[in-house]
Amino acid sequence: ESVQTSVDNDDLPFPQMTLVQKLKKVEEVLDENIRQMLVMDGGNLEVLDIKENEGNIDIYIRYLGACSGCASSSTGTLYAIEATLKDKLDENIRVLPI
């Protein structure tokens, strides 16, 4: 018997992944699409938690550095992060800064 132990299973739909798999996938998408933009402006973000909530997948983030005090972090930047994660992973993702 072979047991699937890989956490990098790209064939698995995002909602069916384990919490660890979801976290790794979210970090991968952020690294490839978002982080460079934030770092260039002196900021960054960290993923604090991922929770399923009434059909949504809520991803809780904290802005770091310059992003933590930037007015755009709650509007345009947040929209870009959420839109990218929805496009790449699952349409039911919501990104919530705390």
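Of everything in segment 40-72, what is more than 15 Å from I93 (Cβ to Cβ), surrounded by 16 or more Cβ atoms within 10 Å (Cβ to Cβ) and out of contact with any Pro (no Cβ under 7 Å at 6 or more places or on another chain)? Give them in sequence order.
G43, N44, C67, C70
Of the conditions (1) touching a helix residue (DSSP H, G or I) at 6+ places or on another chain (Cβ under 7 Å); (2) part of a loop (DSSP other than H, G, I, E, B); (3) free of Cβ contacts under 8 Å to residues at least 40 places away in the same chain, V47 clears all except one; give me its number.
Condition (2) is where V47 drops out.
Confirm whether T75 is at pLDDT 95 or above and among the hydroxyl-bearing types (S, T, Y).
So T75 fails the test.
I'd like the full set of residues that are within 17 Å of M40 (Cβ to Cβ), touching a residue at least 12 places away in the same chain (Cβ under 8 Å), assigned to a helix (DSSP H, G or I) and not hydroxyl-bearing (S, T, Y), limited to segment 65-80.
Passing the criteria: A66, C67, A80.
The values are calculated or read from the model by the stated rules, or taken from the named source; none is laboratory data. Since this is a predicted model, take the numbers as computed values, not measurements. Positions of Cβ are backbone-derived with ideal geometry, glycine not excepted, and every protein chain shown enters the neighbour counts.
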